[in-house]
Amino acid sequence: MSWLEQILQIDLIRVGAFSIHLGQLAAFVLIIVATLLISSRVGRAITRLGAIRSRVSDSQAYAFSRLFSYSIITTGFFLALASLGLTFDRVLVIAGALGVGIGFGLQNIANNFVSGIIILFEKSLRVGDFVELEAGLLGEVREINVRSTLIRTLDNADILVPNSEFVNGRVNNWTLEDNERRFSIHFSVAYGTDTDLVQTLVRDLAREHPLTYETPTRQTVVLMTGFGDSSLNFVLSVWARGDVIKRPGLVKSDYLLAINKALVKNHIEIPFPQRDLHLRSSDLAAAEARAAEEKVLSP
């Protein structure tokens, strides 16, 4: 027996008849590392292959690559356990111990892992989707991982969100079926303004705007929504499509600037809060009488 074999046969752990040699531990580590490397490379290869083929979308290729990677990691983990000399009955004992651990301390991790699998199978959330969470977080899905999903906000901040929030909470996915969205742009004009002129003017400028998307079922309309304290209130309902819908603040700003420019150009007054003060003549006379009486009584 060579010196290397002697080193590899050194016992690290011995519990009764069960022992783990240094060689077994080295094999365990090598299998785990090889599994992770193979999983990563195969996942990237499947994603690239899916992007090349027209029949498979990027989101489907991503979901398939993730599921395939999880399968490779699970298989590699059991092979690594086998390299330690763990038989099936011993694996069951470990699984039972893990079950107790999940029940006490790993419940959230297990919940997020299962939620991630559900997301990939349901295809309710894909990389590239623009979502809004119930807590108000708004951003684009960048990665769907084992425990969490990476969201990139409009401020270019990367936030990790537990997968369970996408399964248990309410999620508004703006790009689940398509990349079209309707925007409601609210504006006001002063009382006495020709409402027909306002509707025609704003509708025409919106149709000429480069961000506007219009089809027979996606029409641009201008509606009056009510009488305000100092204004006539309107809303421009307009559709947009493409990556621009992931920048709602920019879209609304562009339309508001265009509306303001058109109203000013056509001498249409944009109202501001104001109050009218009305004084009754009787109240004014009473106030003058009290002022005169105080003047006479004063020394």
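The values are calculated or read from the model by the stated rules, or taken from the named source; none is laboratory data. For clarity, every value in this text was computed on a predicted model and none was experimentally measured. Ideal geometry is used to build each Cβ from the backbone, glycine not excepted, and the neighbour counts take in all protein chains shown. In case anyone asks, the SASA skips ligands and DNA or RNA and just uses the protein heavy atoms, side chains included. Shrake-Rupley method; radii C 1.70, N 1.55, O 1.52, S 1.80 Å.
A few remarks follow.
- Picking from residues in segment 241-259 that are without any contact (Cβ under 8 Å) to a residue 12 or more places away in the chain and over 12 Å from residue 206 (Cα atoms), the one that is most open to solvent (accessible area, probe 1.4 Å) is 250.
- The sole residue among 105, 50 that is more than 19 Å from residue 171 (Cβ to Cβ), modelled with pLDDT under 65 and surrounded by 14 or more Cβ atoms within 10 Å (Cβ to Cβ) is 50.
- Count of residues meeting criterion [without any contact (Cβ under 8 Å) to a residue 24 or more places away in the chain and surrounded by 12 or more Cβ atoms within 10 Å (Cβ to Cβ)] in segment 204-220: 4
- Number of positions in segment 144-169 that are open to solvent by 50 Å² or more (accessible area, probe 1.4 Å) and either closer than 15 Å to residue 118 by Cα or in contact (Cβ under 8 Å) with a residue 40 or more places away in the chain (or both): 6
- Residues satisfying the criterion are present in segment 163-173 (criterion: of a type in the set (Val, Ile, Thr), modelled with pLDDT under 90 and either within 30 Å of residue 65 (Cα to Cα) or not in a strand (DSSP E or B) (or both)).
- Some residue of segment 244-256 being assigned to a strand (DSSP E or B), in contact with a strand residue (DSSP E or B) (Cβ under 8 Å, 6 or more places away or on another chain) and modelled with pLDDT under 95: no
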